[in-house]
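The values are calculated or read from the model by the stated rules, or taken from the named source; none is laboratory data. This structure is a prediction, so every number in the text was calculated from the model and none was measured. With ideal geometry, Cβ positions are generated from the backbone for all residues, glycine too; neighbour counts draw on all protein chains shown. Side chains included, ligands, DNA and RNA excluded: accessible areas come from the protein's heavy atoms. Shrake-Rupley method; radii C 1.70, N 1.55, O 1.52, S 1.80 Å.
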Amino acid sequence: MFLKLKMDTQEFLDRYHAGRRDFQGVDLEGIELVNVWLDDDLDLSLANLSNVAIYESKLSRVKLHRANLQNAEIVEVDLSFADLQQADLTEASLVSVALSYANLAFAKLVNVRLTEVSLFQADLTSANLSYAGLDGCDLRHSILVEANLAGSFLAHSNFAQANLNLATFENAEISQKVNFVQAIMPDGKKYELK
C-alpha cells in the first residue's frame, strides 16, 4: 500500500534546500510559501497541495502534473511554463499570477477565480473552466480547444487570437469588455467585429 508522506512548510523547505527536487505524491496540504524562488526542476506531480497559500513567489517550469490544488490561494506568483496537465484547481483563487506558456490541458478549474492572470499562449485544451470567474485575464494566443466554460463569468479579459474551437460557453456570462478579435470561435470561424 502506498502512503503519502505528509510534510509541513518548514520540512518541505528544509528538504528542498538540502537538494531534494522530487516531491511526487507528497502531502503538502495547507502549507504556506511566501517569497520563495524554487528551481525549475521541482517535481510536485500528484502532490496534495489543497488549501495551500503561495504568495510573491517564483515557481516557473515546476511540474504539477495531476496535482491537487483545490482551494489554493495563489497571489503574485510566477508559474509560467509550468506543467499543470490534469491538475485540480477546483475553487482555487489566483490573483496576479503568470501562467504564460503553461500547460493546463485537461485541468479541472471548476469554480476557480482568476483575477489579472496571464494565460498568454497557455494550453487549456479540454480544460474544465465551468463556473469559473475570469476578470482582467490575458488569454491571447491561448489554446482552449474543447474547453468547458459553461456557466463561467468573463469580464475585462483578452482572448485575441485564442483558439476556442469546439469550446462550450453554455450559460456563460460574457461582458462587453471581453476581446475576441481574431479568435477562432467554437464554430471554427474567426471572430469578426460587427
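Observations on the structure shown:
- The stretch 36-93 - percent of accessible surface contributed by carbon and sulfur, probe 1.4 Å: 41 percent
- Accessible surface, the stretch 8-151, averaged per residue in Å² (probe 1.4 Å): 41 Å²
- Cross-linked pairs 58/189; 63/190; 63/189; 108/189; 108/177: Cα-Cα separations exceed 29 Å for 58/189; 63/190; 63/189.
- If the segment from residue 96 to residue 150 were pulled out straight at 0.36 nm per residue, it would be longer than the present Cα-Cα gap by 17.1 nm.
- Across the stretch 13-36, the residues whose backbone nitrogen lies under 12 Å from the label position 7 Å along the beta-carbon direction of residue 55 are 32-36.
- Ellipticity estimate at 222 nm from DSSP helix runs (n ≥ 4, -39,500 (n - 2.57)) divided over the chain, nearest 500: -1500 deg cm²/dmol
- Panel values: the chain, Kirkwood radius from alpha carbon pairs, Stokes-Einstein at 10 °C and 1.306 mPa s, translational diffusion coefficient 95 µm²/s.
- Backbone HN-Hα couplings from phi across the stretch 54-71 [Karplus 6.51/-1.76/1.60, Hz, Gly and Pro as x]: 10, 10, 6, 10, 10, 10, 4, 6, 5, 9, 10, 4, 6, 6, 9, 10, 4, 6
- Candidates 107, 18, 94 compared by Cα position along the dipole of the chain: farthest toward the positive end lies 107, with charges placed on Cβ.
- Per atom type, the stretch 110-194 shows carbon and sulfur on 48% of its accessible surface, probed at 1.4 Å.
- The chain - charge dipole about Cα centre, Lys and Arg +1 at Cβ, Asp and Glu -1, debye rounded to 20: 480 debye
- In this entry, the stretch 1-66 is assigned a mean projected area of 4.3 nm², taken as a quarter of its C-alpha convex hull surface.
- Amide N proximity, the stretch 87-101 versus residue 116 label position 7 Å along Cα-to-Cβ, cut-off under 15 Å: 94-99
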